[in-house]
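The values are calculated or read from the model by the stated rules, or taken from the named source; none is laboratory data. In this text, all values refer to a predicted model and were calculated from it rather than measured experimentally. Backbone-built Cβ (ideal geometry, glycine too); neighbour counts: all protein chains shown. We work out accessible area using only protein heavy atoms, side chains counted, and drop any ligands, DNA or RNA first. Shrake-Rupley method; radii C 1.70, N 1.55, O 1.52, S 1.80 Å.
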Amino acid sequence: MKKISNNKIFTRRTKRHLAELALIFTSVFLAFILNEVRNNYNENKNLAISLEFIQEEITQNHVFIKETIEIHKTMVQIIDTLLENGTFETAYSEKSGFTQQNFYEGDSYFSQLLSHDAWNIANNNKIFDKMDIRDVANLSRAYEQQIHVMRTAWDIGDFLQSDAVFDKNRTKINCKILQKKFNLLIGLEIRLLKNYIAAEETLSKLID
């Protein structure tokens, strides 16, 4: 009976071990590739969902500001007329002091907050890490401008609740102060409308 040499046995074992190692490496590599594909799919899915939420949020804010800015323009026109005609005393009442409700019968000058929840959630979860920085900047500018608008609106609110509005002798001065504050607010809102349009164009490109 012919004997098998130790070299041949070693060679066969080596080939078998190498084949097993190749199979293990191939399995690990395929698992890594599949995991990357799955992660990329989930990231793209999360990005798409986040962008849709942001698009909805910006659209709602855009509609609100577009309507609200007309209210503010009307209020400035009324204040201009009061100052021009010297009838600013009608803006004061013994009950509520100096307030826009004395000369403007429409809706509140700022009836709601500008939402930024969708943006904050996406930003906190680092959804934008793989996006083009220019696209992120276009979206970011809209939300940054919202902050300036809201701060100015809050400033007007603080002014209308201050002790100064209950001084009847300050009515003319208060009219001028409110006129200036609303003009500033309108300027910021006009800029915000442009930022919204740029953001909506970016979102349409990314989502479509």
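Among the listed residues 189, 200, identify the single one that is part of a helix (DSSP H, G or I) and open to solvent by 30 Å² or more (accessible area, probe 1.4 Å).
Exactly one residue qualifies, and that residue is 200.
Return yes when residue 134 is open to solvent by 20 Å² or more (accessible area, probe 1.4 Å), in contact (Cβ under 8 Å) with a residue 40 or more places away in the chain and either closer than 30 Å to residue 82 by Cα or among the basic types (Lys, Arg) (or both) and no when it is not.
no
Each row is one residue, and each column tells you yes or no for (1) under 24 Å from residue 120 (Cα atoms); (2) touching a helix residue (DSSP H, G or I) at 6+ places or on another chain (Cβ under 7 Å); (3) touching a residue at least 40 places away in the same chain (Cβ under 8 Å).
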position: 146; (1), (2), (3): yes, yes, yes
position: 154; (1), (2), (3): yes, no, no
position: 158; (1), (2), (3): no, no, no
position: 165; (1), (2), (3): no, yes, yes
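Name the single residue, out of those in the stretch 66-102 being open to solvent by 30 Å² or more (accessible area, probe 1.4 Å) and assigned to a loop (DSSP other than H, G, I, E, B), that is nearest to residue 196 (Cα to Cα).
Looking at the filtered set, the residue picked out is 96.
Which pairs do you get when a residue that is under 16 Å from residue 59 (Cα atoms) and modelled with pLDDT of 95 or more, found in the stretch 183-208, comes within reach of a residue that is open to solvent by less than 40 Å² (accessible area, probe 1.4 Å) and among the small types (Gly, Ala, Ser), reach meaning Cβ atoms under 6 angstrom, with the pair 6+ apart or on two chains?
195/142; 196/142; 199/142
I'd like the full set of residues that are within 14 Å of the chain's Cα centre (by Cα) and of a type in the set (Asp, Glu), limited to the stretch 189-205.
Across the stretch 189-205, the qualifying residue is only 200.
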